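So the structure is just underneath, and the comments pick up after that.
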Amino acid sequence: MSEVDALVCLQKVSRVYGRGEAAAVALDEASLVIGRRSWVAIVGPSGHGKSTLLHLMGGLDRSTSGEIHLDGEELSRLSARRLAAVRARKIGFVFQFFNLLPHLTALENVQTALWFGGYASVQARRKGLDLLDQVGLADRADRLPGQLSGGQQQRVAIARALANDPDLLLLDEPTGNLDSVAEADVLDRLGTLHRQGRTLVMVTHSSAVASRAERIVGVRDGRIDSDATAEQTLLQC
Ligand SMILES: Nc1ncnc2c1ncn2[C@@H]1O[C@H](COP(=O)(O)OP(=O)(O)OP(=O)(O)O)[C@@H](O)[C@H]1O
Ligand SMILES: [Mg+2]
């Protein structure tokens with residue numbers, strides 16, 4: 001067994017929505033370590049906590065209890081401002097339903113993330129075009145999301161997630177709304193990003209998509225239910 005450097009570490013993390021009788025436990029003491037440069041798929045039934053897990057890992061939501069360490073920092077101890085800074089610098093997020101701004105072009109959607117990262121306008125335009133080029137969409141830069149196919153919108157979302165050169169890419173159903181050709185294309189691009197040294201955590205309902213990852217983690221009833229790693233590794237926080 002080899003030891004791998006941990007990028008994300010969750011220790012007994014719970015997320016409870018609501019209070020009292022209406023309380024719903026979305027995540028129930030989940031513990032998980034994500035190795036740097038790994039590609040992990042999160043699978044499990046609908047409503048069992050996959051998106052919740054991803055949002056917590058990415059600092060988009062706060063846990064009810066437990067600890068989440070990202071690159072050595074404990075997220076629950078960070079102020080909202082510091083958390084936003086960590087998110088902007090280290091994490092790229094691709095949402096379950098793209099979340100592109102409909103009245104902005106493909107390029108402008110990517111540029112918004114660059115502005116958060118502190119890029120000035122001229123640089124942001126150049127970098128935005130470069131990112132769209134990386135996902136094969138340089139010639140669609142001026143299109144609105146509604147004028148793009150689902151696969152193309154997804155690739156804009158990936159370009160936007162890459163804006164600030166994040167170590168960690170969190171992808172919620174990155175191929176969920178795509179046909180098989182667009183799915184294969186997105187997966188090839190994710191494979192390239194993985195080879196470039198990024199850490200990828202993706203939620204998927206598809207076992208074919210999950211099999212592209214090195215490790216498949218099952219979530220059920222808000223708990224980590226299974227963990228299949230291609231190569232046995234010992235991960236420590
Ligand atoms: N904002 C919220 N308020 C209350 N309950 C919520 C909220 N968000 C999620 N939940 C509940 O938490 C549970 C887990 O939701 P989550 O979105 O993590 O599921 P999921 O595994 O991603 O499902 P899917 O595969 O359908 O996307 C669900 O029962 C859901 O109803
Ligand atoms: Mg979900």
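The values are calculated or read from the model by the stated rules, or taken from the named source; none is laboratory data. Note that this is a predicted model, so its numbers are computed, not measured. Here the Cβ positions follow ideal geometry from the backbone for every residue, glycine too, while neighbour counts run over all protein chains shown. These area figures cover heavy atoms from the full protein model, side chains too; ligands, DNA and RNA do not enter into them. Shrake-Rupley method; radii C 1.70, N 1.55, O 1.52, S 1.80 Å.
Accessible surface computed residue by residue for segment 2-235, with neighbouring protein chains in place and a 1.4 Å probe, gives 47 Å² per residue. Among 5-14, 111-120, the peptide with the highest mean count of other Cβ atoms within 10 Å heads the list, and the full ranking is 5-14, 111-120. Each Lys or Arg adds one and each Asp or Glu takes one away; over the other residues whose Cβ falls under 11 Å from the Cβ of Val156, this sums to +3. Measuring nothing but protein heavy atoms, the accessible surface of segment 2-235 at 1.4 Å probe radius is 48 percent carbon and sulfur. Quick one: angle between helix 121-134 and the longest Cα principal axis of the chain, in degrees between 0 and 90, rounded to 10, please. The angle comes out near 80 degrees. Nearest 10 degrees, 0 to 90: what angle lies between the long axis of helix 180-195 and the longest principal axis of the chain (Cα atoms)? Approximately 70 degrees, to the nearest 10.
Given R0 = 30 Å, the distance between the Cβ atoms of Asp188 and Gln123 translates into a calculated FRET efficiency of 0.60. Annotation: lysines with alpha-carbon distance below 17 angstrom to Lys50 (same-chain offsets under eight excluded): Lys12.
For a straight C-alpha distance cut-off of 20 angstrom, the lysines reachable from Lys90 (same-chain residues fewer than eight places away being disregarded) are Lys127. The alpha carbon centroids of segment 78-110 and segment 1-41 are separated by 21 Å. In the chain, the DSSP-assigned H stretches of four residues or longer account for a calculated mean residue ellipticity at 222 nm of -9500 deg cm²/dmol, using -39500 (n - 2.57) per stretch and the full residue count as denominator. Annotation: peptides 50-57, 34-41, ranked by per-residue average of other Cβ atoms within 10 Å with the highest first, follow the order 50-57, 34-41. The residues neighbouring Leu101, those whose beta-carbon lies less than 14 Å from its own, together hold a net charge of +1 under the Lys/Arg +1, Asp/Glu -1 convention.
Look at the dipole of the chain built from charges on Cβ: of Leu148, Val33, Gly47, the Cα furthest out on the positive end belongs to Leu148. Place a point 7 Å from Cα of Val16 in the direction of its Cβ. Which residues in segment 61-88 have their backbone N less than 15 Å from it? Those under the cut-off are 63-66.
When the Kirkwood radius is taken over all Cα pairs of segment 73-164, what Stokes-Einstein diffusion coefficient follows at 25 °C and 0.890 mPa s, in µm²/s? D = 182 µm²/s. For the chain, the gyration tensor built on C-alpha atoms gives a prolate shape. Its axis ratio a/c (a ≥ b ≥ c) is at least 1.5, and a/b is the larger of a/b and b/c. Magnitude of the charge dipole for the chain, about its Cα centre and with charges confined to Cβ atoms of Lys, Arg (+1) and Asp, Glu (-1), is about 640 debye.
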